[in-house]
Amino acid sequence: MIAKISWPKNTITSECFRRIGYFKRRSKSNKMSAFIEETKSLLPRIAFIACGCFSPPTPMHLRMFEIAKDHFEMQGTHRVVGGIISPTHDSYGKKGLASALDRCAMVKLATQSSNWIRLSDWEVHQNQWMRTQAVLQHHQNYINNHINSGGAGGGDGEDTHLAGWLPRGLHDSRDPVHLKLLCGADLLESFAVPGLWAEADIEDIVANHGLVVITRAGSNPGKFIFDSDILTKYQSNITLITNWVPNEVSSSLIRRLLGRGQSVKYLLDDLVLEYIKRQRLFNFKSRDAPAPTECDS
């Protein structure tokens, strides 16, 4: 004789339907996530490069990369695959310029917490100061050659023959990566300084690479572009992004405070600040140092 099993009314049925509904929703969600990721992978790939002294690198130098990446990802027009910081050569000779060795060390420390912004020391290892156009062209050519070679040599992070600044996973696709110059509004405005830039270089940078300009609220870079025939001609290659979170902390301000023995805590990455103290850069004066006596003078 087979015993009759009596299930509690509605309990199993409702639980089954609840679970079925959950898995259907999860399956639909997974499919949507996969579709979004697949759509992203089809977007044109871009990377940013910032050129300058970085003496020292400030949080705003790195924030520019994050602001630019957020902009393009929110617009849904491009996929950002990497960021490159290229410090200038020692022969640039700007006042307050630390040695290339120290500046590269500080950039490495400043980018330690980032998984996509990297240091390129190619520029500092050249025989002389390099024009920005030449720096962009070198890095763009290197990226193109790496992609066209199919990423020979294995993973980007494992092959010591590859430049350390190359974005990860470039060889996962044969799609090109367009390198854009990332800068602040001050660099854009410097195009108008007589004798500072060659017109041919400006045209090549804007026409063949493009600019991503991080501007301050209340500024009017559009007017500056309008006043320039070259920039107006290629304005479709210029992306203006407003930084709505002001940060006026510059490298020159940091150097001034350090030279006066004033605190720059929380204005710099802690690792960068410790490096400056250890190397005694920028006329660093410790507030903890003993006051000089008559015998010391």
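Checked against the criteria, Leu182 does not count as in contact with a Cys (Cβ under 7 Å, 6 or more places away or on another chain) and buried (at least 18 other Cβ atoms within 10 Å of the Cβ). Checked against (1) among the β-branched types (Val, Ile, Thr); (2) surrounded by fewer than 22 Cβ atoms within 10 Å (Cβ to Cβ); (3) modelled with pLDDT of 95 or more, Thr39 passes all but condition (3).
The rows are residues; the columns are (1) more than 25 Å from Leu240 (Cβ to Cβ); (2) without any contact (Cβ under 8 Å) to a residue 12 or more places away in the chain.
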{"residue": "Cys51", "(1), (2)": "no, no"}
{"residue": "Ile67", "(1), (2)": "no, no"}
{"residue": "His78", "(1), (2)": "no, no"}
{"residue": "Gly83", "(1), (2)": "no, no"}
{"residue": "Ser86", "(1), (2)": "no, no"}
{"residue": "Gly96", "(1), (2)": "yes, no"}
{"residue": "Arg103", "(1), (2)": "yes, no"}
{"residue": "Lys108", "(1), (2)": "yes, yes"}
{"residue": "Trp116", "(1), (2)": "no, no"}
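Has the range 263-285 got any residue that is at pLDDT 90 or above, out of contact with any Gly (no Cβ under 8 Å at 6 or more places or on another chain), farther than 20 Å from Ala105 by Cβ and not charged (D, E, K, R)? Within the range 263-285 (the criterion being at pLDDT 90 or above, out of contact with any Gly (no Cβ under 8 Å at 6 or more places or on another chain), farther than 20 Å from Ala105 by Cβ and not charged (D, E, K, R)), the answer is yes, since at least one residue qualifies.
Could you say whether any residue in the range 244-259 is closer than 27 Å to Leu179 by Cα, open to solvent by less than 30 Å² (accessible area, probe 1.4 Å), in contact with a His (Cβ under 9 Å, 6 or more places away or on another chain) and part of a helix (DSSP H, G or I)? Yes: the range 244-259 contains one or more residues that are closer than 27 Å to Leu179 by Cα, open to solvent by less than 30 Å² (accessible area, probe 1.4 Å), in contact with a His (Cβ under 9 Å, 6 or more places away or on another chain) and part of a helix (DSSP H, G or I). When residues in the range 199-243 are screened for being of a type in the set (Phe, Trp, Tyr) and loosely packed, with under 15 Cβ neighbours inside 10 Å, 1 of them pass.
Only one of Met60, Met74, Met106, Met64 is surrounded by fewer than 16 Cβ atoms within 10 Å (Cβ to Cβ), outside any loop (DSSP other than H, G, I, E, B) and either on the phi > 0 side of the Ramachandran plot or not small (Gly, Ala, Ser) (or both); which? Matching residue, one of Met60, Met74, Met106, Met64: Met74. A count restricted to the range 156-167 and to residues that are open to solvent by 30 Å² or more (accessible area, probe 1.4 Å) and modelled with pLDDT of 85 or more stands at 1. Residue count for the range 77-95 under the criterion of being under 28 Å from Asp270 (Cβ atoms) and either surrounded by fewer than 17 Cβ atoms within 10 Å (Cβ to Cβ) or among the basic types (Lys, Arg) (or both): the result is 3.
Note on the range 190-240: among residues that are of a type in the set (A, V, I, L, M), within 23 Å of Met64 (Cα to Cα) and not in a strand (DSSP E or B), the one that is modelled with the lowest pLDDT is Ala217.
The values are calculated or read from the model by the stated rules, or taken from the named source; none is laboratory data. Every value quoted in this text rests on a predicted model; they were computed, and no experiment measured them. No Cβ is skipped: glycine too gets one built from the backbone with ideal geometry, and neighbour counts run over all protein chains shown. Ligands, DNA and RNA are stripped out before the accessible areas are found, and what is left, the full protein with its side chains, is counted by its heavy atoms. Shrake-Rupley method; radii C 1.70, N 1.55, O 1.52, S 1.80 Å.
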